[in-house]
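The values are calculated or read from the model by the stated rules, or taken from the named source; none is laboratory data. Keep in mind that what you see is a predicted model, and the values were worked out from it rather than measured. Counting neighbours? That spans all protein chains shown, and the Cβs are built from the backbone with ideal geometry, glycine included. Each accessible area value is taken on the protein alone, full model and side chains, heavy atoms only, with ligands, DNA and RNA left out. Shrake-Rupley method; radii C 1.70, N 1.55, O 1.52, S 1.80 Å.
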Amino acid sequence: MESNNSPIYVTKAFLPPIQDFYNKMQGIWDNHLLTNQGPLHEEFSRKLCNYLKVQNITLFVNGHMALDVALKALKIKGEVITTPYTFASTIHAIVMNGLKPVFCDIKEDDYNIDEKKIEALITKDTSAILAVHVYGFPCNVEALEKIALKHNLTLIYDAAHAFGVEVNNKPVVEFGEVSMLSFHATKVFNSIEGGALIYNDRKLKEKFNLYKNFGIEGPEIVKEIGLNAKMNEFSAAMGICNLDYIDEEINNRKIRSDYYINCLKDIKGIKLTDLKKEVKYNYAYFPITIDKDEYGLDRDNLFDKLNKSNIFTRKYFYPLATDYDCYKNKFSSLDTPIAKDIANRILTLPIYGALKLEQVKYICEIIKDLSMK
Ligand SMILES: *Cc1c(COP(=O)(O)O)cnc(C)c1O
């Protein structure tokens, strides 16, 4: 068995060959443009549109600020229906804009917002749905679109996990009014820190550009109360370099995902996610849920045992946003029992392109050995 001395983390940030990055740095040193829509920002923007097969993209310093700008520029008001089963960013963006998050429960099979439970939560104050493609598994985009249309709601996606994901050959980020992508170091595709908004209405470009640069329209005109959320040239350079390797990275992740599925599928009490034929996945995460009665150990126990073998998994997403210290007195996780149950049973296993197959095998063997025989 593989030596267990070197720790295995849940992910490892992808880096391009250093020479690729040096080459891009030379241009910066020649032109002294470090930020404010420099040439690398423009090149990255163009190349991303091309790779993602989308029409409109606006780059940001990170995904969170992109989401924040989307809520501000679209002038969302009142209540926003969302999911507690997400990263802190989604809920903080809603609350920091003076909006009220209304929590909808999720589906057990793909961890996404349950479209069948949304309509019951709509009130006269509801203005938007903010859904999350959890782990890059696409939401039921058609059903959500129908609900948004019927009730005249703005449909926004936190697609932080969904870089490159397609449904029936259509990029998942093309659904809804606007989708946010994150290029944080720990995501499938990174620009060190970075993010983007993808949208169909071309007129939004001007608005998003205003909001990400203090609302400044011209040297003597400040039109909106904006933020500083611009992507700098160094991040754009990293993004351009990493884009050359993203297909290889996703393919390597697929191989590791297949390996996990093959090794873990028959273990009682370990539930894997069913992958759908019509979806092109990015293998951003490898979540499993643990049924204590069938497996013999609960999630926390398995997490601790793996830690002792130097394998650092994540309880992602635990706790639910509604159980955070900053929200627990305002909201209740009892309103979303399925999300609550999943948060207590979920574990995301290490997955990234450079993870060795022997390491995947080692992780699987430990999980197998711990199970009830
Ligand atoms: C990473 C992430 C964000 C925030 O993106 P940053 O680029 O880190 O600001 C938002 N939502 C989800 C679901 C995320 O995983």
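Over the C-alpha trace of segment 51-176, radius of gyration and Dmax come out as 13.6, 40 angstrom. Divided by 2.2 N^0.38 Å, where N counts the residues, the Cα radius of gyration of the chain comes to 1.01. For GluC sites (Glu not before Pro), the sites in segment 31-118 that DSSP calls loop and that have at most 14 other Cβ atoms within 10 Å are Glu108. Kirkwood Rh, Cα Rg: Rg to Rh for segment 152-250? Using only Cα positions, Rg/Rh for segment 152-250 is 1.01. Among the GluC sites (Glu not before Pro) in segment 248-305, those located in a DSSP loop and surrounded by at most 16 other Cβ atoms within 10 Å of their own Cβ are Glu278. Taking only Cα atoms and a 10 Å spring cutoff, compute GNM fluctuations for the chain and point out the largest among Cys49, Cys326, Cys139. Of the options given, Cys326 has the highest mean-square fluctuation. Accessible surface for the chain, divided over its residues, is 46 Å² per residue with a 1.4 Å probe.
Just to be sure I understand: if I project the alpha-carbon convex hull of segment 215-373 onto a plane and average over all orientations, what area do I get in nm²?
Values: hull surface 59.2 nm².
If you wrap the Cα atoms of segment 215-373 in a convex hull and average its projections, you get 14.8 nm².
Between segment 315-373 and segment 52-101, the C-alpha centres lie 24 angstrom from each other. Mind checking the log10 I(q)/I(0) for segment 1-109 at q = 0.11, 0.21 Å⁻¹? Debye, one equal scatterer per Cα, no solvent, two decimals. Debye intensities relative to I(0), on a log10 scale: -0.65, -1.17.
Express the Stokes-Einstein translational diffusion coefficient of segment 220-265 in µm² s⁻¹, to the nearest whole number, given a Kirkwood radius over alpha-carbon pairs, 10 °C and a viscosity of 1.306 mPa s. Spell out each step's value before the answer.
Working: Rh = 14.4 Å.
Rounded to a whole number, D works out at 110 µm²/s.
No disulfide-compatible partner, judged by a Cβ distance under 4.7 Å, exists for the following cysteines of the chain: Cys49, Cys104, Cys139, Cys241, Cys326.
For the chain, a simple Cβ point-charge model (Lys and Arg +1, Asp and Glu -1, everything else neutral) yields a dipole of about 200 debye relative to the Cα centre. Note on segment 260-335: semi-axes of the ellipsoid equivalent to its C-alpha gyration tensor, largest first and rounded to whole Å, are 25, 19, 13. Using only side-chain charges placed at the Cβ, +1 for Lys and Arg and -1 for Asp and Glu, the dipole size of segment 255-300 relative to its Cα centre rounds to 260 debye.
Counting every C-alpha pair in segment 120-209, the share spaced more than 23 angstrom apart comes to 26%. Applying a DSSP loop filter and a limit of 11 other Cβ atoms within 10 Å to the GluC sites (Glu not before Pro) in segment 185-244 leaves Glu220. For the peptides 157-166, 66-75, 311-320, the ranking by packing is 157-166, 66-75, 311-320, with the highest mean count of neighbouring Cβ atoms within 10 Å listed first.
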